[in-house]
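Input: a single structure, listed below in structure tokens.
The values are calculated or read from the model by the stated rules, or taken from the named source; none is laboratory data. Keep in mind it's a predicted model, so treat the numbers as computed, not measured. Methodologically, a virtual Cβ is constructed for each residue, glycine included, from the backbone with ideal geometry; neighbour enumeration extends over all protein chains shown.
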Amino acid sequence: MLAFLIRRVFQAVIVMLTVAFISFSLFRFVGDPISTMVGQDATIADRQAMARELGLDQPFIVQFWRFIAKAVQGEFGISYRVGRPVMDLIQERLPATLELAFCAAIFALVFGIFFGVYTALRRDSWLTKVVMTVSLIGVSLPTFLIGIGLIYLFSVELKWLPSFGRGETVKIGGWTTGFLTESGLKSLILPTITLGLFQMTLIMRLVRSEMLEVLRTDYIKFARARGLSDRAVHFGHALKNTLIPVITIMGIKLGALVAFAIITETVFQWPGVGFLFISSVQSVDVPMMASYLLLVALFFVIVNLTVDLAYFAVDPRLRISAVATRG
Amino acid sequence: MGDALLEVKDLVVEFKTRRGALRAVDGVSFALKPGEVLGLVGESGAGKSLTGAAVIGLLEPPGHIAAGSVTLGGERIDTLPREAMRKVRGKRIGMVFQDPLTSLNPLYTVGEQLTETIRTHLPVNQAEARQRAIDLLNDVGIPAASRRLDSYPHEFSGGMRQRVVIALALAAEPEVVIADEPTTALDVSVQAQIISVLKNLCTEKGTAVILVTHDMGVIAETADRVAVMYAGRIVEIGPVRDVIKQPVHPYTMGLMGSIPDPQGGAERLVQIPGAMPRLNAIPVGCAFNPRCQMAIDRCRVERPTMRRIGATDVACHVAGPAETTP
């Protein structure tokens, strides 16, 4: 188990370095950050001074090495655009994104599993048909369209929910939360649905097909033959087996929530890191963009590691083979 | 048959399809006395497994009981509501499936599955259920039962898993156990052990058994009576010795002729020409008539009813007393 963990952490470091390298080299082609910073009437000498100050006159490898060396110490450089440390900017914005992604994940998981199980158990009910049809819409409509549609219905027409921003937030330590105020919670609803809907329908369809598969197995038939209650058969025996393959997909999908938040944050003017990233792209803020991509990569790595550990908790067959490979 | 524990009468199992209903089990009747072992034999698709599934109320839709009745201890069980029937399953009728590798839930320990079953049917606490689970594993011959209780199914061999399955089927001491091809998926060397475990335990506890199989050897060793099925119908039913030694129905005779006899020497095995009809093309009259060498005109028109010949009941117009068999 410990060897497994160490191996995975080692792999994670390589993944992070690769992502850093690719993003860092890609952003060199996005544009010249200096021209956006100094303005039209700067002299060539001004530009060279600026380039030297930022270290942009150095070869690429040297620039990358400096970036990594500082990143390891938790320093991600100064944002070209705002002129403040990238770390501070991300720290300010991260709670907004994390709270949104967290709510969207809970929304996607709870409703995805619930509807997946329901539509698998009641295959012929009218509600199943309705849910399956609506889920097709959820899969095929682009996120921004769903967001705009929700804003139109609930903000413009019904005037129930705010159409942009986080509402009032409360600051606890370095963390600003929208969970503690009414307007904060209200502001979360529409972005959460927008961000989570696609994942929810995906999880629902996955759970449904896996559940149908499991319900056909011999051990479910045998569980029925033993006279176990429907509840024990469906939720004790079938659901647990359903969740094993579902965990993998869900892990990847939940990591994607943080990455996909960019679009939702843009639609709802949500002050999170995705919104920050979009602004940075416009002004070729290389340290900002590279740090953001590293952050997203970090999320994926953490989520995948958690998924692997979740397997051990759920499937006893893996525990045995892990012991076997160790010994 | 006033002393019958389980009585199946004119059972019909149908599958609804777009082109009408397919009759997979057609008018099957038999009775089971307490502690008796009844063998159900026949080729694949003869309806023997479906008969078992119908008795325990586990037919998979679109299969359903279209006619007939199943009576357990004087009470009709085929018409029971879902929840009441669930309480019959496991408690009064147990079931053993064919493939022990897939019959157990891989995510729960053997002990968890046993205690869950026990506590579903019997009013005992966790500790008592656990003790009972250990006793059951001991009964089915699993060594170091108390230690093995916390093992997962994948840690057992196929034969051991089938023992666990039998322990699960017998967990609440049912009156009837339906064993659906319990040895087909096992190594030949293990088959005999599993059959003897099943037989001994049921004799000991007075449990009646419906043994579904296509293995006449298993039937000869284990069953008290045997019912031979063909195309969803019982063609011959009687004491196992009579049916095997002196089969009366032409199909049974063919079936017995096709079993290799170690003492029989180099004689060619008898084959029954043709194949069993598909469910949508069952012949009028006796279902066996196109393949039957003794068939007369009447067989192609009129469906034979059960007649008592010697010790067995036979559905055949032609079959005479035992002398007619060679």
Inset, instruction - May I ask you to say which residue of A:T217, A:T242, A:T248, A:T264 is more than 30 Å from B:L104 (Cβ to Cβ) and of a type in the set (S, T, N, Q)? - result: A:T264
Legend entry - A:R66 vs. criteria among the charged types (D, E, K, R) and either within 27 Å of A:L257 (Cα to Cα) or crowded, with 17+ Cβ neighbours inside 10 Å (or both): no
Inset, instruction - Read through the list (1) away from chain A (no Cβ under 12 Å); (2) under 28 Å from B:D215 (Cα atoms); (3) surrounded by fewer than 21 Cβ atoms within 10 Å (Cβ to Cβ); (4) not charged (D, E, K, R), then give the number of the only condition that B:A54 fails. - result: (3)
Inset, instruction - Please determine, by comparing only the residues of the range A:71-95 that are of a type in the set (A, V, I, L, M, F, W, C) and part of a helix (DSSP H, G or I), which one is farthest from A:G165 (Cα to Cα). - result: A:V72
Legend entry - Search result, residues across the range A:304-327 that are away from chain B (no Cβ under 11 Å), surrounded by 14 or more Cβ atoms within 10 Å (Cβ to Cβ) and at pLDDT below 75: A:A322
Legend entry - Matching helices (runs of 4 or more DSSP H) fully within the range A:204-312 where at least 2 residues are of a type outside the set (F, W, Y) and more than 30 Å from B:R119 (Cβ to Cβ): A:239-267, A:273-282
Inset, instruction - Please specify each residue of the range A:181-203 satisfying the condition of being among the hydroxyl-bearing types (S, T, Y) and either under 30 Å from B:E116 (Cα atoms) or surrounded by 24 or more Cβ atoms within 10 Å (Cβ to Cβ) (or both). - result: A:S187, A:T194, A:T201
Inset, instruction - Among the numbered conditions (1) at positive phi; (2) within 16 Å of the chain's Cα centre (by Cα); (3) not basic (K, R), tell me where A:A259 comes up short. - result: (1)
Legend entry - Restricting the range B:175-214 to residues that are in contact with a strand residue (DSSP E or B) (Cβ under 8 Å, 6 or more places away or on another chain) and assigned to a loop (DSSP other than H, G, I, E, B), the residue that is surrounded by the most Cβ atoms within 10 Å (Cβ to Cβ): B:P182
Legend entry - Members of the range B:172-182 that are at pLDDT below 90 and within 9 Å of chain A (Cβ to nearest Cβ): B:A172
Legend entry - Conditions (1) surrounded by 13 or more Cβ atoms within 10 Å (Cβ to Cβ); (2) at pLDDT below 85: number failed by A:I148: (2)
Inset, instruction - Tell me which residues, restricted to the range A:158-184, are part of a helix (DSSP H, G or I) and in contact with a Gly (Cβ under 7 Å, 6 or more places away or on another chain). - result: A:S183, A:G184
Inset, instruction - All but one of (1) at pLDDT below 85; (2) in contact with a strand residue (DSSP E or B) (Cβ under 9 Å, 6 or more places away or on another chain) hold for A:E182, so report the exception by its number. - result: (2)
Legend entry - Of the criteria (1) more than 14 Å from chain B (Cβ to nearest Cβ); (2) surrounded by 18 or more Cβ atoms within 10 Å (Cβ to Cβ), which one A:L215 fails: (1)
Inset, instruction - Working only within the range B:231-255, note down all residues that are part of a helix (DSSP H, G or I), touching a residue at least 12 places away in the same chain (Cβ under 8 Å) and farther than 15 Å from B:M294 by Cβ. - result: B:V240, B:D242, B:V243, B:I244
Inset, instruction - Please find, among A:G77, A:G83, A:G55, the residue that is within 14 Å of A:M288 (Cα to Cα) and without any contact (Cβ under 8 Å) to a residue 12 or more places away in the chain. - result: A:G83
Inset, instruction - Kindly indicate the residue of the range B:24-51 that is acidic (D, E) and buried (at least 18 other Cβ atoms within 10 Å of the Cβ) and also nearest to the other protein chains (Cβ to nearest Cβ) among those meeting that condition. - result: B:E36
Inset, instruction - Quick one: which helices (runs of 4 or more DSSP H) lie wholly within the range B:74-160 and hold at least 2 residues that are under 24 Å from the mean Cα position of the chain (by Cα) and within 12 Å of another protein chain (Cβ to nearest Cβ)? - result: B:82-88, B:100-103, B:110-121
Inset, instruction - Pick out the one residue from A:L239, A:L298 that is surrounded by fewer than 19 Cβ atoms within 10 Å (Cβ to Cβ) and of a type in the set (A, V, I, L, M, F, W, C). - result: A:L298
